[in-house]
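> Dropping a structure here in structure tokens format, bear with me for questions.
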Amino acid sequence: MLNPHDKILVAGAGGFIGGNLVAELLKRGHHNIRAVDIKPKSEWFRLSSAAENLVLDLGDLDNCQTAVKEVAYVFNLAADMGGMGFIENNKAACMLSVRINTHLLMAARDLGVQRFFFSSSACVYAAGKQINPDVVALREDDSYPAMPEDGYGWEKLFSERMCRHFSEDFGLPVRIARFHNVYGPHGTFAGGREKAPAAVCRKVIEAEMSGNYEIEIWGDGEQTRSFMYIDDCVNGIMRIMESDYDQPLNLGSEQLVTINHLVDIAEGFTGIKLRRSHDLSAPQGVRGRNSDNTRIRQVLGWAPEISLEHGLEQTYRWIYDQIAYDQAAKRASVAV
Ligand code: NAD
């Protein structure tokens, strides 16, 4: 168990998973939290006044040393990333996140950090194993021989490797989770970095609110994925961080769906039926991907368990409230 009195760094705390992780840590009685992100605080998804909140560029080594000072546990959730539309068009930016993890590792080694968590991704898996929508779920060993997602996936695989060598060469205890598509409230749902569940919810809500009952789906919609609800994600992060297991572990749902079915589920929250069009030129990523949770069950006796239907409904309601609030605020400013 992590000592509740020790200082914890959450890097990327202004983001989706980092912000939800800070909330979970506070709920579990960890009150000595340093939350760091490059974004101005006004843009953080969740800002907890109970944490020490700092705006720092963690690509910079000096800033990493400031962030890690007096810290016992580091959770690195900071990366320049987004959904398929972002990572397929910003490969260099994705790879530059290597600076964040490398400098955090160096600072952690130099300042005596007790445990270091790195958020890796299912994008490390070899592309050749993901060409079919009817997938064989990916086991941890499927990341080698290496041919990961260009840009983003290579950065994650390299950074996993860097963690491993900091552990072997310098004795820094590391924990690594390979997240498979995380979704839920308090995350990006517009602007180009959003992932499929949030994008689908937003599009369905916009159709419902505008009365224009149409939706555009990227690709033919038959590509398959699994999606993990944020509560399972933060729970899994804590379990992995507190375990003795120091190799990469899948952290994802095993509930496989097509994107078309994802739209069916979101549509079901509205009672309306949408006309669908398919943009075959849009970024789609791999054809099929699922998580094999055999190893996490063996190691932790647990695996993500929240159904997509339940999690997507929470996400849909939250995005609905955000859009309704923004629209009301716009109307009020026009009226003034
Ligand atoms: P996010 O974009 O919401 O959060 C990442 C945060 O990192 C952002 O707030 C961003 O401002 C911050 N950041 C970027 N560059 C920084 C820098 N130089 N210094 C400090 N902060 C910086 O993303 P997320 O969904 O919360 O993802 C968290 C981690 O999990 C990332 O490493 C991501 O690659 C990984 N991951 C996420 C998913 C997913 O489905 N969300 C899947 C696989 C892996």
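> Quickly run through the stretch 26-35 and pick out the residues that are out of contact with any Ser or Thr (no Cβ under 9 Å at 6 or more places or on another chain) and either modelled with pLDDT of 95 or more or closer than 14 Å to Asn76 by Cβ (or both).
Lys27, Arg28, Gly29, His30, Asn32, Arg34
> Scan the stretch 177-188 residue by residue and report those that are more than 8 Å from the ligand (Cβ to nearest atom) and surrounded by fewer than 24 Cβ atoms within 10 Å (Cβ to Cβ).
Ala177, Pro185, His186
> With the requirement that a residue be in a loop (DSSP other than H, G, I, E, B) and either touching a helix residue (DSSP H, G or I) at 6+ places or on another chain (Cβ under 8 Å) or within 12 Å of the ligand (Cβ to nearest atom) (or both), what does the stretch 189-211 give you?
Correct list: Phe189, Ala190, Gly191, Gly192, Arg193, Glu194, Lys195.
> Of the numbered conditions (1) part of a loop (DSSP other than H, G, I, E, B); (2) not assigned by TED's automatic domain parsing to the domain that holds Leu280, Arg175 fails exactly one; give the number of that condition.
Single failed check for Arg175: (1).
> Any residue at all in the stretch 30-52 that's polar (S, T, N, Q), within 21 Å of Ile240 (Cα to Cα) and away from the ligand (no atom under 12 Å from the Cβ)?
yes
> Given the stretch 1-99, what strands (runs of 3 or more DSSP E) lie entirely inside it while holding 1 or more residues that are of a type in the set (Lys, Arg) and buried (at least 19 other Cβ atoms within 10 Å of the Cβ)?
Counting at least 1 such residues, we get 33-37.
> Which number in (1) near the ligand (Cβ under 9 Å from one of its atoms); (2) of a type in the set (S, T, N, Q); (3) surrounded by fewer than 21 Cβ atoms within 10 Å (Cβ to Cβ) marks the one condition that Gln114 misses?
The one condition Gln114 does not meet is (1).
The values are calculated or read from the model by the stated rules, or taken from the named source; none is laboratory data. Everything numeric in this text was worked out from a predicted model, so none of it was measured. Quick reminder, even Gly has a Cβ in these numbers, built from the backbone with ideal geometry, and neighbours come from all protein chains shown.
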